[in-house]
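Engineer: Take this structure first; my questions come after.
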Amino acid sequence: MSTEPRAPNASHPRSPTARAWVEVSASALRSNFRRVRSLLGPGPEIIPMVKADAYGLGMARAVEALSEEHPDGWGVATLDEALELKALGRAEPIQIYSPLPPEDLKPALEAGLIVSLSDPQALLDQLASGHLTPATPGTFDVEIDTGMGRAGADPEKVEVWAAALLEGLKGTALHWRGVFTHLHSADHDDPARGDAAVHAQAERFRQTLAALDPLMAAAGHPRLRRHLANSAGLLRYPHLAASFDAVRPGITLYGGTTGVDEGLKDVVAVRARVIRVTEVEPGATLGYGATHVATAPERWVTLGIGYGDGLPRSLSSRGEVLLRGRRVPILGRISMDMTVVLGTAVPDLEPGEVATVLGWDGEARISPEEVAALAGTIHYEILTGLGPRLPRVWTE
Ligand SMILES: Cc1ncc(COP(=O)(O)O)c(C=O)c1O
């Protein structure tokens, strides 16, 4: 797709690039998947996380693009996401990684989705109450809480819950496939603290596996599949990540960690058209609260994008955008549908020209991390916060 300014009068009322849009590079997404593969070697399976609409980029298109790289499964967070993905007809296993509300457990199992249990007793309770029957088919993993604290079974009590689970599964059609844990600090700003936390979690996970393995063997149960690494885990600790059976990258695939590894590529750009250009005199006021007042003649350039599209309002008077490959500041308060930038240094601007709010324009680049730092959040929230009003325009 071209990001050239449109010719005057060439507008199409239904063009997805008429106002503002998210440009997503399918080839960069695939390239990032291959980079993950090359960092890890052929051993571990790669399970792309496509939850939250593939981090805001569009699940169906992300799945279509990544399928060409032969992933080993897909990761989502909710039953609805899993059902949406299942409807795409892919053959790879779909796992729901967040704990499910009790009423979603049975439909998820019956739909052939892999469930992640934090509380194995809850499954046994549903069997005991008859809500699940021994004939209910289904596959699940157990999450182990090695320190994330938001989900997962207690590793200190592994012998108790695992023995109860193995006993309760006898004579049922349910299959316990594996165990996993989640790293909380692999991307810690302080590498020493990150190292200590990752190794402590890995050690706890290994101890849990050491307790589980003999129990499983005694019950004649196949070896459990095991994994722990997210993006930061596999980028910073590839040997550790590859010593388990799978990895679960999300943000790395979507270009959120391009600064960490030079083999990774930008995937996402947010573009907005210029909708007005005006020359103002000193004293002119701008935006809600009139927080910007021109002190000299200025060229104000209005972009058709605002916080209603997911551009954080906290970038008001702080953020920058790219106009013709050059950084220009955001002036005054961002409003719901419009944002004004200073175009004084950019000659001959006309409505229709394309500005880049996030992403690349020639050599210049505004990364998701940069926007997130200014907005006081993380790049994950910038991507997942991109609103439904922005068409996702996929390019090769
Ligand atoms: C269980 C689990 N695994 C993997 C991921 C992927 O994380 P990241 O996007 O940091 O790679 C997530 C996302 O938060 C997750 O919840």
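Engineer: How many residues, within the stretch 51-62, are farther than 10 Å from Ala26 by Cα and open to solvent by less than 10 Å² (accessible area, probe 1.4 Å)?
Structural biologist: 4
Engineer: Show me the strands (runs of 3 or more DSSP E) entirely contained within the stretch 287-363 in which 2 or more residues are open to solvent by 70 Å² or more (accessible area, probe 1.4 Å) and touching a strand residue (DSSP E or B) at 6+ places or on another chain (Cβ under 7 Å).
Structural biologist: 326-331
Engineer: Name the single residue that is farthest from the ligand (Cβ to nearest atom) among those in the stretch 232-252 being assigned to a loop (DSSP other than H, G, I, E, B) and free of Cβ contacts under 8 Å to residues at least 60 places away in the same chain.
Structural biologist: Ser243
Engineer: Mind listing whichever residues of the stretch 117-169 are among the hydroxyl-bearing types (Ser, Thr, Tyr) and open to solvent by less than 20 Å² (accessible area, probe 1.4 Å)?
Structural biologist: Thr136, Thr146
Engineer: May I pose another question? Can you pull out every residue in the stretch 73-91 that is more than 14 Å from the ligand (Cβ to nearest atom), touching a residue at least 24 places away in the same chain (Cβ under 8 Å) and open to solvent by 10 Å² or more (accessible area, probe 1.4 Å)?
Structural biologist: Answer for the stretch 73-91, where residues must be more than 14 Å from the ligand (Cβ to nearest atom), touching a residue at least 24 places away in the same chain (Cβ under 8 Å) and open to solvent by 10 Å² or more (accessible area, probe 1.4 Å): Leu79, Leu83, Glu84, Lys86, Leu88, Arg90.
Engineer: Do you know which residues across the stretch 170-190 are closer than 30 Å to Thr257 by Cα and loosely packed, with under 12 Cβ neighbours inside 10 Å?
Structural biologist: Asp189, Asp190
Engineer: Take the stretch 188-204 and flag every residue that is assigned to a loop (DSSP other than H, G, I, E, B) and either of a type in the set (Val, Ile, Thr) or touching a helix residue (DSSP H, G or I) at 6+ places or on another chain (Cβ under 6 Å) (or both).
Structural biologist: Listed by number, the list holds a single entry, His188.
Engineer: Scan the stretch 93-127 for residues that are of a type in the set (D, E, K, R) and either part of a helix (DSSP H, G or I) or without any contact (Cβ under 8 Å) to a residue 24 or more places away in the chain (or both) and jot them down. Break it down into steps so the answer makes sense when it comes.
Structural biologist: Let us first name the residues in the stretch 93-127 that are of a type in the set (D, E, K, R), namely 103-104, 106, 110, 119, 125.
Correct list: Glu103, Asp104, Lys106, Glu110, Asp125.
The values are calculated or read from the model by the stated rules, or taken from the named source; none is laboratory data. Bear in mind that the values here come from a model prediction, so they are computed numbers and not experimental data. Reconstructed Cβ throughout: ideal geometry from the backbone, glycine too, with neighbour counts over all protein chains shown. Ligands, DNA and RNA are stripped out before the accessible areas are found, and what is left, the full protein with its side chains, is counted by its heavy atoms. Shrake-Rupley method; radii C 1.70, N 1.55, O 1.52, S 1.80 Å.
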